[in-house]
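Comments concern the structure below.
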Amino acid sequence: MAGQSLILVRAEAPHFLVLITLDGVRTEELFGGLDQETYKAAAKSEAWESQETYKRFWAETPKKRREKLMPFFWREWMVDHGSVIGNRRQGSQMNLRNRHRFSYPGYSEILTGTARDKLITSNDKIQNPHPTLLEFLQSEWKLPKEQTGVFASWDTMEFIAEHSKGSLFINAGFQPYESIEPRVQWLSSLQFETTTPWNSVRHDAYTFAFCMDHIQRNLPRVLYLSLGETDDWAHDGRYDRVLENLERSDRYIQNLWEAYQSNPTTRDQTCFVLTTDHGRGDNPFNWMHHNDKLEGARHTWMAICSPNLEHRGEWHHHPEVYSDQIASTAAEILGVDFIDQHPEAGKPISFLLD
Ligand SMILES: [Zn+2]
């Protein structure tokens, strides 16, 4: 490089935020793909090795297994566009600050930047007692309702995502969705005919289809896609379905990314944040569960992709970070000061922003 001066110009802050959460996805699967002992224990069959799902996701090394499970995430996204925190084997630790280690407290910690252990103690449908990052951005950027879209498979997200009822555009759980597109309108009715084993969670396929329709029509500056099936299949002990759903989620993330990158307005103008609300048990006998007694249930992770961030790949050996830092980190990347109005929130993750 002799004779040349290298000037690094920091790109301006992006104008769009896409937040995606995958419910209760463990670091084990994200960073290591299919776990053989867990698969074997969950399969309840002597012939587990000949099952289709096992054959589809099994490979000799963790690296190959995770690439089979989430090919877009590992072979493209984290190679060319973003970085990921949470591989504990590499000395990268992200944890929940809240002590409950289930969904409402986890999502609220992500969205408000604060663990409120005494206020939020259940998954009951109560309005979030504090404003969220989504509402903060709506007010900072003076956005109409349609410009802050929330699409969730779990019905309770309607209460978690906003403090002021009705401020955001929310479609959550088994809820009709209005579209001018006949195909999407048909999907809206079909969701009620394709019920799931769980009353409060619809299939992610519908959530994703309605989300994409909303993007096409409104191109929201703030979008939150909250996928839910991974957690419910896990509670039911269906490890095969968890893996299949994770692979499908990877495809949804790819479709979202490509939709934003193919539109001149949003291309290289969007900050993507992908995370989870909690971990789960860390062995083949407790992986289905998550609660305040299980250490693994506090283990989380976060991937981030933004045109003004230069880091790529996996983080390793850094000071422990917490999920209550996600809101302020995202805001900082977007060039707005969340901490100023929410001084109790976790501080931005400094090494990400260097
Ligand atoms: Zn759960």
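Bear in mind these aren't lab numbers, they're just calculated from the coordinates by the rules spelled out. On a predicted model such as this, the values are computed, not experimentally measured, just so you know. Here Cβ is always computed from backbone atoms with ideal geometry, including for glycine, and neighbour counts include all displayed protein chains.
Compute the distance from the alpha-carbon center of region 158-173 to that of region 141-157, in whole Å. The two parts, judged by their Cα centres, are 6 Å apart. About its Cα centre, the dipole of the chain is roughly 260 debye, where the only charges are +1 on Lys and Arg Cβ and -1 on Asp and Glu Cβ.
When you count the other C-beta atoms within 10 angstrom of each residue and take the mean per peptide, 152-161, 88-97 line up highest first as 152-161, 88-97. Computed about its Cα centre, the charge dipole of region 27-133 is approximately 240 debye, with only Lys, Arg, Asp and Glu carrying charge at their Cβ. The residue among L246, N308, N283 whose Cα reaches farthest toward the positive pole of the charge dipole of region 219-324, with charges on the beta-carbon of Lys, Arg, Asp and Glu, is N308. Sorted fewest first by neighbouring Cβ atoms within 10 angstrom, E146, E46 come out as E46, E146. Note on the chain: GNM, Cα springs under 10 Å; of I180, I110, I339, the largest mean-square fluctuation is that of I180. Where only DSSP H runs of four or more residues are counted, the chain gives -9500 deg cm²/dmol as its mean residue ellipticity at 222 nm, each run worth -39500 (n - 2.57).
Between the C-alpha center of region 9-55 and that of region 315-348 there is a gap of 25 Å.
For the pair region 196-237 and region 72-114, the centres of their Cα atoms are 19 angstrom apart.
Among rounded, prolate and oblate, which fits the chain when a ≥ b ≥ c are the square roots of the eigenvalues of its C-alpha gyration tensor, a/c under 1.5 means rounded, and a/b larger than b/c means prolate? Here the chain falls in the rounded category. The packing ranking, built from the mean of other Cβ atoms within 10 Å per residue, places the peptides 28-34, 193-199 in the order 28-34, 193-199, highest first.
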